[in-house]
Every structure is written in C-alpha cells, then in structure tokens.
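Presented below is the structure to which this report refers.
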Amino acid sequence: MKLDCELLPRTGADYKANLHCHTTHSDGKLTPSQTREAYQAQGYSVVAFTDHRRYGWYPELMDDTFVPLAAFEADLDTPGQDYSYVKTYHMNFYDCAPETRGEFQAPQPDFAYGDTAALIDYVAGLRAQGFLACYNHPYWSLQNYDDYKDLRGFDYMEIYNHGCEIDGLYGYQPQAYDEMLRSGQRLGCVATDDNHNWFAFGHPRCDSFGGATMLRLPRLGYAEVIHALQNRHYYATTGPELHELYIENGVLHVRCSPVEKIYVITAGRNTHSEVSDSGDTLTEAAFPLKGNEGYIRVDCQDTHRRHAYSCAYWLDEMQK
Ligand SMILES: [Zn+2]
Ligand SMILES: [Zn+2]
C-alpha cells in the first residue's frame, strides 16, 4: 500500500489541556481563576470550563500562556427518583469563537431520554452554532452499547475520565470508543479530568491532573486550539507521550516516551503490536499496513499501565 500521511503534525509543540472541568459556577470547589492557577502550575496551557448547564467564558483568563475554552456540559436523564440509578447522557460543548457570541444561555435537551433522533438534532444544532461536541463518560452514566451505538455528530468522546476512575466507575473506556467507531461514527478521543476538587491537591482522591489531552499547535492561541481539535491534531494520555505518528510508504511509524507495549487497534480483529522484552521498554515501532484495517488507532502502554491513545484515523480518508 502506497500511503503517506502525517497524522500528528511533525512541526509545532504539544500543549497540555484539561477539556472537562467544574468550578464554583456548578458543583466544583475552585473558581475559574483558581483553576487556571492550579493547572498552569502543573504545566497545562488549556482548560475547558464545562460547568453543568452553564456556559462559561472567561476572557480575562486568556493571555499568551493560557487559553480558557468557553464550554458547558449538558445532560439528559431518564426519569427516576433515585439518582444513583438514573441513566444519563452527559455531553460537553466547546465554543469555537466565543468573542463573537455575546450573551449566551446554554440550551438544554427538552426531549425524552431515548429519542435518539432528537438528540442527534440537538447536537447538530449546537455544531451549526459553532460548537464542538464531546460524548462523556458512558460508564458513569450507566450507559451501554444500546445508548451510544446510534449516536451521530460528536467530534470526540472521553476515552478516559479521571473523576470516574477516582470514583471506581471505569475511567478507561476504550471499548466504548471502538464500539462507537465500529458502529460507523467517525470521532476522535480525549482524556479529561472532570475535576470537582472536593479533595485537596495531593489527596489520593483528588480528581485533578490524571487525564490530559495533548494538543499539537504551531503556537498557543484560541483559534489554534480549535483547529487542532477539529483536525485530530491531538492525543489522549494518562502518562505516556506520543511524539510522532505518521505513515510513510504504507508503513505506520510511532515514536513515544518509553513504554512496554505499542498496539495498533483497527476496525477488525487484525491488530498490530510491538511488545518490549521483559524489563525493557520501547520508544518506537513501525507497522506495515495491509490496507484492510478500516481505521487505525494507537495505544502506547507504559509499565504503570498508563496509556497514550491516538485518535482513530480512517484509511479511506487518507487516500482521498
Ligand atoms: Zn458529566
Ligand atoms: Zn462533568
């Protein structure tokens, strides 16, 4: 297969982002400016302010070193008295151009859980208004294949949600990602904190700094962040770094920080993998593609079972 494609740009630098965050404007403990301060101190350059049902745009937090993404988290619940058993869709929406929007009330779903056509319309309506859409934490939501197989229009989903991991509700959701991809959805994947900061920094139950999305940008800026999110110029991580990802002459090349295993997951059963010798690590691998993979996505797993996940990339899109 003769295929050449840069999946992650080979120029630019990586900027660390937390794309899911709650503040005092919903049920979080920190104000937006305290959030910026804490995340910047840990090397982050981007935080999306996704308070529940409340659009958050804080232009006063933006400068050359930090981008606050304007965003909100919407929800759609099944009826029920005991919230512990209520199934729910949680969705984050990210504003591509907040400075042109003015006053904005985050619209909430006004239709019943299970009305998938209305849900798809709701997501499409927000995307038409200039938002990117993320499908959040399926397992915390008590959702399964039946709830997400027919979704359409999301730009990405959470392959890892740190708050869910801390709560014992499966932070890692790679199977849901593959099931969405295999059901025909073409979306990326992000890792997020979904932090509420009810526990102090350093406490074992602190829900900050566990899941990050690394954005590859020519320079830091609001428009550059949105462009990267729209073009899958990012990867999700709970630790390892993904340095290079490209296809040359039909061979997929991966370069990363030291890891134990590098997998290429595909639409089918024909995965590719490279595994280090016992006690050793890998920092690169090359995989000749067969051409029938459908999509490819890379999972680099380190010795602490932490992952760097690329987005899925479809071979038929590269061949255009
Ligand atoms: Zn949520
Ligand atoms: Zn949330």
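Laboratory data are not the source of any read-out in this text; all were calculated from the coordinates shown. Note that the structure is predicted; figures quoted are calculated from it, not measured. With ideal geometry, Cβ positions are generated from the backbone for all residues, glycine too; neighbour counts draw on all protein chains shown.
Qualifying trypsin sites (Lys or Arg not before Pro) in the range 266-313, where qualification requires a DSSP coil assignment and no more than 13 other C-beta atoms within 10 Å, comprise ARG269, LYS290, ARG305. Here the chain is assigned +1 on the Cβ of each Lys and Arg and -1 on the Cβ of each Asp and Glu. Its dipole about the Cα centre then comes out at about 440 debye. Applying a DSSP loop filter and a limit of 14 other Cβ atoms within 10 Å to the chymotrypsin sites (Phe, Trp or Tyr not before Pro) in the range 88-141 leaves PHE104, PHE111. With θ taken as phi - 60° and the Karplus curve 6.51 cos²θ - 1.76 cosθ + 1.60 applied, the whole-hertz 3J(HN,Hα) list for the range 51-57 is 5, 4, 6, 9, 6, x, 10 Hz, x standing for glycine and proline.
Counting only DSSP beta bridges whose two residues both lie in the chain, roughly 80 percent are antiparallel. Calculate the translational D of the chain in whole µm² s⁻¹ from Stokes-Einstein, where the hydrodynamic radius comes from the Kirkwood formula applied to all Cα pairs, the temperature is 25 °C and the viscosity 0.890 mPa s. The Stokes-Einstein estimate is 123 µm²/s. Rounded to the nearest 10 degrees, the inclination of helix 32-41 to the longest alpha-carbon principal axis of the chain is 30 degrees.
Rounded to the nearest 20 debye, the dipole size of the range 148-280 about its Cα centre is 420 debye, using +1 on the Cβ of Lys and Arg and -1 on the Cβ of Asp and Glu. Karplus-based coupling profile of the range 204-216, in residue order and whole Hz: x, 9, 4, 9, 9, 6, x, x, 10, 10, 9, 9, 8, with θ = phi - 60° in 6.51 cos²θ - 1.76 cosθ + 1.60 and x standing for Gly or Pro.
Phi-derived couplings, Karplus 6.51 cos²θ - 1.76 cosθ + 1.60 at θ = phi - 60°, listed residue by residue for the range 65-80: 10, 8, 10, x, 7, 6, 6, 7, 10, 9, 9, 9, 9, 6, x, x Hz, with x used for Gly and Pro. Treating the angle as unsigned and between 0 and 90°, give the value, to the nearest 10°, between the Cα long axis of helix 116-128 and the longest Cα principal axis of the chain. Here the helix axis deviates by roughly 90 degrees. Compared with the rule-of-thumb size 2.2 N^0.38 Å for a compact globular protein, the range 240-320 has a Cα radius of gyration ratio of 1.05.
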